[in-house]
Amino acid sequence: MSARTTTGDVITVVGLGADGWDGLTGHARHEITSAEVLMGSARQLDLVPGGFTRVAWPSPLLPALPDLLAAHAGRRVCVLASGDPLFHGIGATLVRLLGADRVAVVPHPSSASLACARLGWALDRTEVVSLVGRPTSLLVPHLQPRRRLLLLGADPRAVAELAPDARITVLEQLGGPDERVHHDLDAADPLHVLAVECGPGGLSRAPGLPDDAFEHDGQITKREVRAVSLALLGPRVGELLWDVGAGAGSIAVEWCRTHPACRALAVEKHPERAARVTRNATALGVPTAVRVVEGASPDALDGLERPDAVFVGGGVTAPGVVERCWAALKPGGRLVANAVTIESEAVLARWHAELGGALTRLSVSRAAPVGGFTGWRPHMPVTVWAVTKENE
């Protein structure tokens with residue numbers, strides 16, 4: 001039994017499988033039958049017998065949820081969830097909304113557990129990606145050589161187009177009487193999980209993607225300098241980056257590719273380049289993590305969420321840019337700025353003298369044909385200033 005007594009102040013969330021009432025434990029059935037109000041999707045409500053006040057979820061659900069719960073305050077409310085309520089489910093939403101002390105959860109095997117059981121896959125070595133209400137392009141960073149993925153809420157055909165070298169299995173109605181495992185992507189039941197066995201392709205998630213992985217007009221932080229700059233920025237899980245003077249957005253995109261919880265604000269004054277940042281973020285799998293702020297710095301920085309790290313790749317000579325970035329940076333945050341001209345180098349030297357940090361000059365040459373031979377073609381040297389903000 002639950003360690004907490006269900007009262008009118010506590011919402012009970014019961015995980016439900018495709019087999020409905022028959023698949024529930026005695027504890028789960030008791031929690032449901034003890035309720036006065038039963039909430040869930042229309043499909044879930046149809047799986048449970050009994051006389052309740054039944055409330056089907058509206059669409060969209062999240063904006064309506066607080067008022068819906070308030071309307072039944074003081075009554076014993078039970079919420080039906082699919083599988084494990086805390087695994088990409090309504091249980092986690094309710095905990096965020098009400099707090100853990102007001103939500104009692106009775107779990108059921110998740111769709112991921114059932115899928116791995118059918119396939120013989122080790123769950124701890126299988127990556128689960130939720131695409132429920134999200135763009136399919138979010139899958140791109142997860143497409144790594146021979147990785148095994150489980151996808152929730154994915155469009156089978158869209159996944160096949162994005163990963164043509166993958167083997168895709170449809171697992172539908174898991175745990176129910178109509179369960180089926182097959183490879184007919186056009187015949188997938190709406191209630192399904194996709195199992196993806198990746199092929200040999202896929203882009204590395206380590207910083208320093210090839211320049212031609214990005215759409216650009218030449219205004220891009222080159223691969224070698226980008227790898228060094230990102231190493232100095234030191235992305236950590238859940239942190240926010242400002243990419244000021246974003247150009248093609250390569251720094252912002254690669255920052256977000258390091259972990260799904262990382263975010264970036266790409267500040268770019270040229271409309272065409274700003275649109276290009278969005279396209280690059282989508283193509284490389286971080287469409288929702290990179291937000292483009294169109295406008296000239298420093299004015300475009302006003303009102304933005306404070307960053308954990310700042311990269312200034314363009315506009316370092318504009319009055320007030322470095323000052324505004326430094327003031328906004330959180331304590332412990334990192335600022336990295338690049339310069340390729342004498343004038344921008346002078347700005348970095350002045351700030352280095354005032355705030356400290358480290359100055360590094362990078363010179364990169366790439367092999368290229370010289371007649372019938374091969375020679376070195378140097379790129380413009382880049383001066384990199386990196387500094388950490390110790391306190392306000």
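The values are calculated or read from the model by the stated rules, or taken from the named source; none is laboratory data. Note that this is a predicted model, so its numbers are computed, not measured. FYI the Cβ positions are ideal-geometry reconstructions off the backbone, even for glycines, and counts take in every protein chain you see.
Here are a few things to note about the model shown:
- Residue within the range 67-77 that is touching a helix residue (DSSP H, G or I) at 6+ places or on another chain (Cβ under 6 Å) and either on the phi > 0 side of the Ramachandran plot or not small (Gly, Ala, Ser) (or both) present: no
- Here Leu62 meets each of (1) free of Cβ contacts under 8 Å to residues at least 12 places away in the same chain; (2) within 17 Å of Ile90 (Cβ to Cβ) with one exception, condition (1).
- A count restricted to the range 358-392 and to residues that are modelled with pLDDT of 95 or more and under 31 Å from the mean Cα position of the chain (by Cα) stands at 6.
- Test: Arg291 is basic (Lys, Arg), surrounded by fewer than 21 Cβ atoms within 10 Å (Cβ to Cβ) and part of a strand (DSSP E or B): yes
- Any hit, the range 329-340, residues being more than 21 Å from Gly234 (Cα to Cα), assigned by TED's automatic domain parsing to the domain that holds Leu301 and either among the hydrophobic types (A, V, I, L, M, F, W, C) or part of a loop (DSSP other than H, G, I, E, B) (or both): yes
- Qualifying residue in the range 97-114 (condition: crowded, with 16+ Cβ neighbours inside 10 Å, in contact with a Pro (Cβ under 6 Å, 6 or more places away or on another chain) and over 22 Å from Val13 (Cα atoms)): no
- Residue under evaluation Ala281, criteria (1) of a type outside the set (Lys, Arg); (2) over 20 Å from the mean Cα position of the chain (by Cα); (3) in a helix (DSSP H, G or I); (4) under 26 Å from Asp212 (Cα atoms), criterion not met: (2)
- Single residue of the range 284-306 satisfying the filter (within 24 Å of Val132 (Cβ to Cβ) and free of Cβ contacts under 8 Å to residues at least 40 places away in the same chain) that is farthest from the chain's Cα centre (by Cα): Arg291
- Meets criteria (more than 27 Å from Arg180 (Cβ to Cβ) and polar (S, T, N, Q)) for Thr25: no
To keep it simple, each residue is scored yes or no on (1) closer than 30 Å to Arg223 by Cα; (2) at pLDDT 95 or above; (3) not in a loop (DSSP other than H, G, I, E, B).
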site: Leu138; (1), (2), (3): yes, yes, yes
site: Ala154; (1), (2), (3): no, yes, no
site: Pro177; (1), (2), (3): no, no, no
site: Asp186; (1), (2), (3): no, yes, yes
site: Leu203; (1), (2), (3): yes, no, no
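- Residue selected from the range 32-75 under the condition in a helix (DSSP H, G or I) and in contact with a Leu (Cβ under 9 Å, 6 or more places away or on another chain), by the criterion surrounded by the fewest Cβ atoms within 10 Å (Cβ to Cβ): Pro66
- Residue check, Thr374 out of contact with any strand residue (DSSP E or B) (no Cβ under 9 Å at 6 or more places or on another chain) and surrounded by fewer than 18 Cβ atoms within 10 Å (Cβ to Cβ): no
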